[in-house]
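Trainee: Dumping the structure here so I can ask a few things about it.
Throughout, read-outs are computed from the coordinates displayed, never taken from laboratory work. Being a predicted model, the structure only gives us computed values, none of them experimental. Here the Cβ is made from the backbone with ideal geometry for all residues, glycine too, and neighbour counts use every protein chain on show.
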Amino acid sequence: MTAPVRVSDASGPSLDVQLPPLTPWFRRVFKHPLLMHYNRLIALVWAANLAALWYGLADGDGIGAQSLSYAALANFTLAVVVRQQYVINAFFWLATRAPVTWPLRIRWTLAKVYHFGGLHVGGTTSGTLWFLALLPVLMHTGAPGEVIAVSCALGVLLATMITTALPWFRSRFHDHFEKVHRFGGWSVLLLFWAQTVLVVTDRDDSPASAPEVWLLGLVTFSVALPWLRLRKVPIVIDRPSSHVALTHFDHGVTPFAGSSTAISRKPLVEWHSFANVPAPGRTGFRLTISRAGDWTGSFIDDAPSHVWVKGITTAGVANIETLFTKVVYVATGSGIGPCLPHLLAQKVPARLVWATRAPRRTYGDALVDEILAVQPDALVWDTSEHGKPDMVALAYAAYRDFGAEAVICISNKKLTWRVVHGLERRGIPAYGAIWDS
C-alpha cells in the first residue's frame, strides 16, 4: 500500500503544500453555499412564479380559482417529474454530452447537473403557496362543500410535508421525514384526484379536455413507475469486518458505473440508496454498506438473504467525470464505494485519495488489492495510524501533481462541503453530494 504522506493539519507536522490564494471576492461570492446552483434553481422557479403572479394581477381583476389551481398543479408536476429516475438519467446524459474541448468554465457549470433537486424544492414550495392561496378563493366564491373539505385536507398535508422537509427536521428525524413524504405524498395524490373529479364534474367538462387530468395522469405515472418494478432479489454478503458488508447482486441486472440502487427490507417503511460497483467483464454488481446507523448496523449484524429493489439504477454525482480530461477522487471511509466503479471502468484518467481507518482490516485485502490494481499511485491514508488529515490540502496536492481539471469528493456532509467549497473558492472545480433527498 502506498505510504501516506502527512500534509498541513492541526495535530501534526506539515508538508510543504501551499494552497492557492482565494479568487477575487466578486467571483468567490458565487461559490458560497447559499449561492450554490441548487439554491439558484430554487430562486429561478420562484422568480418564474412571481412573474406569473405579476402577470395575473396586472389586469386588475385578480387571479381566479382555476388559474390558481393550474399554477399549483404545474409546479407540483415539475417537482415530481424532475425526481423521476428516467428524467434524472436524461439530465446526466444531456449534461455530459459536452466534449472536453469546450471551455472549462462551461463544463464546470454543466457538471453541476446533480443540483437539479433545486427544481423539486422550488416546485413544491411554489405549488404549496399557490394552493394555499386557492383555499380562501374557493370559500369566497362558494365552491361546493366537498371541494372545500378535500382542498383543506390537501392544504394541511402539503404544509406538513413542507415543514418536515425543512433541513433541520430532515437531518434530525430522517426516518420520519421519509415516511411523511411517502405516505403523505400518496395521500396528496389521491386527494388531488378526488378534488379534480369533483371540480371537473361541477364544471361539466369532459375529463379528456381538462388540463388538470392530464397533469395528474403524468404525476401518477411518474410516481407509480418505480413501484411497477418492485421485486425481491437474492443477495450474497461478505463481511470483511464488523464495519462493512460487501453485498453482491446478480439477478440479471448489470448497472452502469456511477449509478445507485435503492434497497429495502421493508419496502413500505424505508429505502436506502447505495452506489453500484460493477466489475468489468462480470455480471451483477456490489454495494459497499458501512455501519452508519441503526439500519446499516442491523443489516451487517443480521445479514438478510434477500432484499427488495425497485425502479431502475440512477446516475450519481460522479458521472460528471467525463466532462474533464483528468479528475481526482477524494473519499473517506465507505465513500470509496461510489468512487470504485469509476476507477475500475477507467473511462477518465483519475487519481485516488482515500482516508479511512485500517483499510485492510476494515474492507479486506481483496477489495484494497482491487483498488490498488487500478490505482497503483493512490494515496491511502490510514487514519488509525496517522490521524485525520487536512483533506482540502490532500485534494489540492493530488490535483496539482496529477494535472487534473476537477475534484470529486465522496464523504460525509461536513467534510464534502469543506473540500468542495474550500477548492472552488480557489478557482478549482469541485463536486460532491448535496444531501437533498
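Trainee: Give me the dipole magnitude in Debye, nearest 20, for the chain about the Cα centre, with unit charges on the beta carbon: positive for Lys and Arg, negative for Asp and Glu.
Mentor: The calculated dipole for the chain is roughly 900 debye.
Trainee: Put one equal scatterer on each alpha carbon of the range 317-432, apply the Debye formula with no solvent term, and list log10 I(q)/I(0) at q = 0.16, 0.20, 0.22, 0.23 1/Å to two decimals.
Mentor: -0.66, -1.06, -1.30, -1.42
Trainee: Counting pairs of alpha carbon atoms under 8 Å apart in space and at least six apart in sequence, what relative contact order in percent does the range 317-432 give?
Mentor: About 33 percent, as a whole number.
Trainee: While we're on this one: Run through every distinct alpha carbon pair of the range 231-310 and return the Kirkwood hydrodynamic radius in angstroms, one decimal place. All intermediate terms of the calculation are to be shown ahead of the outcome.
Mentor: On the way: mean 1/r = 0.0783 Å⁻¹.
Its Kirkwood hydrodynamic radius stands at 12.8 Å.
Trainee: Please tell me the relative contact order of the chain in percent, rounded to the nearest whole number, where contacts are Cα pairs under 8 Å and at least six residues apart. Display every interim value, and only then the final one.
Mentor: Working: 684 pairs, mean separation 78.2, N = 437.
So the answer I get is 18 percent.
Trainee: Among bridges DSSP assigns within the chain, what percent are antiparallel (round to 5)?
Mentor: Details: 25 of 43 bridges.
Bridges in the chain are about 60 percent antiparallel.
Trainee: Still on this structure, I have one more. Taking +1 at the Cβ of each Lys and Arg and -1 at the Cβ of each Asp and Glu, which of Leu379, Leu129, Thr160 sits farthest along the dipole of the chain towards its positive end, judged by Cα position relative to the Cα centre?
Mentor: Of Leu379, Leu129, Thr160, it is Leu379.
Trainee: In addition: Can you compute the helix-only [θ] at 222 nm over the chain? Use -39500 (n - 2.57) per DSSP H run of at least 4 residues, normalise by all residues, nearest 500 deg cm²/dmol.
Mentor: Details: 17 runs with 218 residues, N = 437.
My calculation for the chain gives -16000 deg cm²/dmol from helical runs alone.
Trainee: If you don't mind, another one. Work from the charge dipole of the chain (Cβ charges, +1 for Lys and Arg, -1 for Asp and Glu, about the Cα centre) and give the residue of Val244, Trp54, Thr201 farthest towards its positive end.
Mentor: Farthest towards the positive pole: Val244.
Trainee: Just rank Tyr86, Tyr55, fewest to most, by other beta-carbon atoms within 10 angstrom. Could the numbers behind the result be given before it?
Mentor: Details: Tyr86 14, Tyr55 10.
If I rank by nearby Cβ atoms, fewest first, I get Tyr55, Tyr86.
Trainee: Another question, then. Mind pulling the angle between the C-alpha long axis of helix 37-57 and the longest principal axis of the chain? Nearest 10 degrees, somewhere in 0 to 90.
Mentor: 10 degrees
Trainee: Anyone know which of Asp382, Asp204, Asp369 comes out most mobile in the 10 Å Cα GNM of the chain?
Mentor: Ranking Asp382, Asp204, Asp369 by mean-square fluctuation puts Asp204 first.
Trainee: Have a look at the range 278-359 and give its Rg and Dmax from the Cα atoms, expressed in angstrom.
Mentor: Here Rg and the maximum Cα pair distance are 14.8, 43 Å.
Trainee: Under the classification rounded if a/c is under 1.5, otherwise prolate if a/b is larger than b/c and oblate if not, where does the range 36-105 fall, given a ≥ b ≥ c as square roots of the Cα gyration tensor eigenvalues?
Mentor: Details: a/c = 3.64, a/b = 2.03, b/c = 1.80.
It comes out prolate by the Cα gyration axes.
Trainee: What is the range 63-227's relative contact order, in percent, from Cα pairs under 8 angstrom and six or more apart in sequence?
Mentor: Details: 124 pairs, mean separation 49.3, N = 165.
Dividing the mean separation by the residue count of the range 63-227 yields 30 percent.
Trainee: Rounded to the nearest 0.05, what FRET efficiency do Arg400 and Ala224 give with R0 = 56 Å and r taken as the Cβ-Cβ distance? Could you check?
Mentor: FRET efficiency, Arg400 to Ala224: 0.70.
Trainee: Also, I was wondering about something else. Kindly express, to the nearest 10 degrees and within the range 0 to 90, the angle between helix 365-374's C-alpha long axis and the longest C-alpha principal axis of the chain.
Mentor: On a 0 to 90 degree scale, this one is about 90.
Trainee: Still on this structure, I have one more. Once amide H atoms are built 1.01 Å from N in the peptide plane, which residues 5 or more positions from Ala430, or in another chain, come under 5 Å H to H?
Mentor: Val407
Trainee: Jot down the per residue volume, in cubic angstrom and as a whole number, of the convex hull over the alpha-carbon atoms of the chain.
Mentor: Dividing the Cα hull volume of the chain by its residue count gives 165 Å³.
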